[in-house]
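> Got a structure for you, questions after.
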Amino acid sequence: MSSALSSSSPLIRKLIVYARLTLVLLIIITVVLLTWHRFGMTRTYELTGREGALVRVEDDRSTGKGATVATLERTDKDFMFGCDIVQMFKWPYCTLALSVPQMGVDLSDFSHMTLNITHPSNSAPMMRVRLINFDDGMTEVSNWRSFKVNEVVGIKVDPSGKTVVPLNWFGVAQWWKDSFKPAVEHSSVNLDRVIRMEIATPTMIKPGLHTYRVKSFQMHGKWISKTQLLGALVAMWILFSTAWPIAFALAMRRELKDNNTRLALLAQINRALELESAELADQAHTDPLTGALNRLGLRDALMRTSMLLAPPMSIIFTDIDFFKNINDTFGHQVGDDVLRLFSSRITAQLRSTDKLVRWGGEEFLILCESTDVALATALAEKLRAALAGDSWPKAIPLTASFGVAQHRDAEEIGDVIERADEQLYRAKHAGRNRVQTDV
Ligand SMILES: Nc1nc2c(ncn2[C@@H]2O[C@H](COP(=O)(O)OP(=O)(O)OP(=O)(O)O)[C@@H](O)[C@H]2O)c(=O)[nH]1
């Protein structure tokens, strides 16, 4: 991975580093949130009898058949709920109800409640707890009985003063179901709009006075449910695991594009270098003044000719007559002009397979492939006549002498050149402006 990383582009490397950091960050966030949710992230809703809360008591006298008396006595911190049970009604009872100040509170996401209640007389440590809910679809505001009654019966009052009741212990009171016969969707506990919390005496209670010191009802829950938290975490991980490959793919695409651009540029540079090196190679094989081949060029031409195996081959050696006089009379510059013109005029007469080589000074050599000595002599004669008939700078009456020789089997190339040179020498001595052939 590290070698792959080091061979990637800076952008990809940066992305991988960011992805690793994000991964570590996500792991930390996940662990922190889950731990926080497990041990904290709590919220509490407390309902007390203080601060003008609506608190009321009720007893079985309201049925018209009982004589039980419920009393309520407020102090600064709490209130005393008394219930003097008289065994007259079939199921004597007292109820204490604390109304929620608003139009109802949503306790759906709460997990349990703490009843801050003590039972000084300790004669009836049991009680029932009710959460009265406005059930949309069942409850009619004008009918107080139609509010859904969620209750737990038989709760034992904890001597510590804090009785904990999980909310999943609650069920819908059977008498409420019998009375209103709710549809299935309205038959289960619903705590999304609790408007009142109640405690009441249990069904089987002994006659006599029972007192409960009530401080508050506390509901406990998490800011968000575990399901919501897990949903958010899963969404976060899905986002990461999809966003990262997309970002990576986009970066790869960009890198590919950059690479292609770089490759195209390199190809261009390469082509330019190839052209340049071809030009340099040409220059290395060419005489700069006349454009004819130099001796290096001749070597290459000979190698190519031998590879073609195209005998016979002839050499024509030529030299401008009295060239020194031209230099001496008209200057070196005119001499150069004459050399250039001499070279181009000969080239114009040659076939594409013939090669003109500047051998040195005003001496030129013509390499004639697939040419026997007779043909080469005829070519030399044609050149001689043409050059002698041409007009030259400063009206110089220019002529040239020629020596011709044909290459023999297994002969060294230097030897055939030497034989042609000898013939040139003969032509010079015979009076110049002529062709001499080695026969
Ligand atoms: N302008 C010019 N002159 C050159 C160049 N190379 C050689 N020469 C001259 O060519 C002359 C050759 O003279 P010679 O070898 O005496 O020959 P020639 O005068 O042609 O006499 P023959 O060959 O005997 O007819 C010399 O003066 C060289 O300096 C060149 O590149 N440019």
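The values are calculated or read from the model by the stated rules, or taken from the named source; none is laboratory data. Every value quoted in this text rests on a predicted model; they were computed, and no experiment measured them. Glycine gets a Cβ as well: all are built from the backbone with ideal geometry, and neighbour counts include every protein chain shown. Remember, those area values only see protein heavy atoms, side chains included, never the ligands or the DNA or RNA. Shrake-Rupley method; radii C 1.70, N 1.55, O 1.52, S 1.80 Å.
Every residue, every condition in (1) open to solvent by 100 Å² or more (accessible area, probe 1.4 Å); (2) modelled with pLDDT of 90 or more; (3) in contact with a Ser or Thr (Cβ under 6 Å, 6 or more places away or on another chain), yes or no:
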position: GLU255; (1), (2), (3): no, no, yes
position: ASN259; (1), (2), (3): no, no, no
position: ALA272; (1), (2), (3): no, no, no
position: LEU275; (1), (2), (3): yes, no, no
position: GLY291; (1), (2), (3): no, yes, no
position: ARG299; (1), (2), (3): yes, no, no
position: LEU302; (1), (2), (3): no, no, no
position: MET307; (1), (2), (3): yes, no, no
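> Hey, another quick one. In contact (Cβ under 8 Å) with a residue 40 or more places away in the chain, closer than 25 Å to MET219 by Cα and part of a loop (DSSP other than H, G, I, E, B): does that describe LEU107?
yes
> Still on this structure: Just checking, which of ASN190, ASN150 is within 60 Å of the chain's Cα centre (by Cα) and part of a loop (DSSP other than H, G, I, E, B)?
Of ASN190, ASN150, the one residue that is within 60 Å of the chain's Cα centre (by Cα) and part of a loop (DSSP other than H, G, I, E, B) is ASN190.
> Please name all residue pairs, on different chains or six or more residues apart, with Cβ atoms under 6 Å, provided the first residue is in the stretch 318-331 and is farther than 9 Å from LEU398 by Cβ and the second residue is open to solvent by less than 40 Å² (accessible area, probe 1.4 Å) and within 8 Å of the ligand (Cβ to nearest atom).
What qualifies is ASP319/SER401; ASN327/GLY335.
> Which pairs do you get when a residue that is at pLDDT below 90, found in the stretch 123-143, comes within reach of a residue that is assigned to a strand (DSSP E or B) and open to solvent by less than 40 Å² (accessible area, probe 1.4 Å), reach meaning Cβ atoms under 8 angstrom, with the pair 6+ apart or on two chains?
Pairs that qualify, where the first residue is at pLDDT below 90 and the partner is assigned to a strand (DSSP E or B) and open to solvent by less than 40 Å² (accessible area, probe 1.4 Å), are SER123/GLY208; SER123/HIS210; ALA124/HIS210; MET126/ILE155.
> Inspect the stretch 202-213 for any residue being closer than 28 Å to GLY154 by Cα and of a type in the set (D, E, K, R) and give the result as yes or no.
Residues of the stretch 202-213 closer than 28 Å to GLY154 by Cα: 202-213.
Narrowing further to those that are of a type in the set (D, E, K, R): 206, 213.
Yes, the stretch 202-213 has at least one match.
> Among the candidates LEU375, LEU339, single out the residue that is in contact with a strand residue (DSSP E or B) (Cβ under 9 Å, 6 or more places away or on another chain), in the same structural domain as GLU418 (by TED's automatic domain parsing), among the hydrophobic types (A, V, I, L, M, F, W, C) and open to solvent by 60 Å² or more (accessible area, probe 1.4 Å).
One residue alone meets the criteria, LEU375.
> Could you tell me whether ARG434 is surrounded by fewer than 13 Cβ atoms within 10 Å (Cβ to Cβ) and in contact with a helix residue (DSSP H, G or I) (Cβ under 9 Å, 6 or more places away or on another chain)?
Numbers: surrounded by fewer than 13 Cβ atoms within 10 Å (Cβ to Cβ): no; in contact with a helix residue (DSSP H, G or I) (Cβ under 9 Å, 6 or more places away or on another chain): yes.
Criteria not met by ARG434.
> Can you work out which of the residues in the stretch 381-412 that are exposed (fewer than 15 other Cβ atoms within 10 Å of the Cβ) and acidic (Asp, Glu) is nearest to the chain's Cα centre (by Cα)?
Filtering first and then ranking leaves GLU412.
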